[in-house]
Amino acid sequence: MAFARDGTGIDATARALWSQVHPVFMTPPLAASLFGAILAGSVDPLLAAIHVIAMFAAVYTAHVKDGYVDFHLRGEDDDHPLTASGCQIALVLSTAVFLLCSVLLAVLVDVLAFVLVVPTWVIAYHHAPQLDMNPVTATTGYPLGISLSVLGGFYVQAATITAVPLGFAIVFLTLLSGIKVIDDAQDYAYDRSIEKRTVAVSVGPDRAYGVAYGLMTVALLVVVAFAIARLFPLTSLLAVLAFAAVAGVARRADPELATMLLIRGSYVFLAVLVAAVRFDPVGQLV
Ligand SMILES: CC(C)=CCC/C(C)=C/CC/C(C)=C/COP(=O)(O)OP(=O)(O)O
């Protein structure tokens, strides 16, 4: 049975399977899992690795299913490297890896770890064709996966959930939903032509920008409030400043450049937060 649409053999199969690894989408959930582990304080590398692999398998599942639905079922995409049966086998494999990791976490941590990890696959598997049809779920699905990745990454280390990872999960959900609205605004004309109801299609591009920057502002204000309350380290304020500077430039750019800037800004935001949680240099000064 052929996996790849453009050839047979190990090389073509490996290339087709690898085509569904999208670093831009995959790095954040993996980083979020490790961020959760760092928040927990002491990191067990084995548990961290199992959780990271589970998150990778979840996002891989989302991409394979999305490609399968968009190309093989809806005929929306012009091309796809995997055959329909290649997609189905890839889905079985990624789901099996995900399940194996989840069961390992249930055994090595507890059943709540399993309960916290499984929804990421549920969101991933149902992204297409169900969740991507509604503006709210199309916008929040991926950010919710990232938030669950933070919580899961924390839980497998600490075997509990505290206010700090919960706070960060809410911040990421809100901030990344804002970025996703801008990202979707790039495809406004095309999405409208295929009746895909993103936020930009539902409320129009202008109001979508308002919604997007409103969400990002709320997320940053939550970080400021939590930092002042000393729930988050004070150095988190630097992450807010860095992201706000990028968002200020993105606000005046077209959706494509804005998305590129905001995604990179979110990496900087996360990197400064990691430094804040590990070292909190500002907190040590005051
Ligand atoms: C652990 C974790 C983060 C889980 C969540 C996984 C999840 C929902 C990923 C979505 C990835 C994806 C297919 C993006 C493209 O969506 P699109 O529909 O905007 O793009 P398209 O126009 O290419 O279909």
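All of the numbers you see were taken from the coordinates with simple rules; none came from a lab. Bear in mind the structure is a predicted one, so any value in this text is a computation, not a measurement. Because the Cβ atoms are built from the backbone with ideal geometry, glycine has one as well, and the counts that use them run over all protein chains shown.
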Compactness summary of the stretch 162-286: radius of gyration and Dmax from Cα atoms, Å, are 15.7, 55
Per-residue ellipticity at 222 nm attributable to helices in the chain (runs of n ≥ 4 DSSP H, -39500 (n - 2.57) apiece, nearest 500 deg cm²/dmol) works out to -25500 deg cm²/dmol
Expected sort for V111, V59 with the fewest Cβ neighbours (10 Å cutoff) up front is V111, V59
Hits for the chain under the membrane-span-like helix rule (DSSP H, Cα axial span at least 27 Å, Kyte-Doolittle mean at least 1.0) are 45-67, 84-108, 163-185, 205-228, 255-279
Here the alpha-carbon Rg of the stretch 9-160 over 2.2 N^0.38 Å rounds to 1.05
In a Gaussian network model of the chain with springs linking alpha carbons closer than 10 Å, the residue among M216, M260, M55 that fluctuates most is M260
In whole angstrom, the spacing between the Cα centers of the stretch 88-141 and the stretch 213-262 equals 28
Listed residues H51, H80, H127; largest mean-square fluctuation, Gaussian network over the chain with Cα springs below 10 Å, found at H80
Quick note, the chain: a/c under 1.5 would make it rounded; otherwise a/b > b/c is prolate and the rest oblate (a ≥ b ≥ c, C-alpha gyration tensor); here it is oblate
Ranked by GNM mean-square fluctuation in the chain (Cα springs under 10 Å), the top entry among A229, A106, A57 is A229
Per-residue Cβ contact counts at 10 Å, fewest first, order L151, L46 as L46, L151
Sorted by chain and then number, the residues having a modelled amide H within less than 5 Å of the amide H of L82, at least 5 places away or on another chain, are R5
Residues W121, W18 in order from fewest to most other beta-carbon atoms within 10 Å are W18, W121
Computed Rg/Rh for the stretch 78-182 (Cα atoms; Rh = Kirkwood radius) stands at 1.03
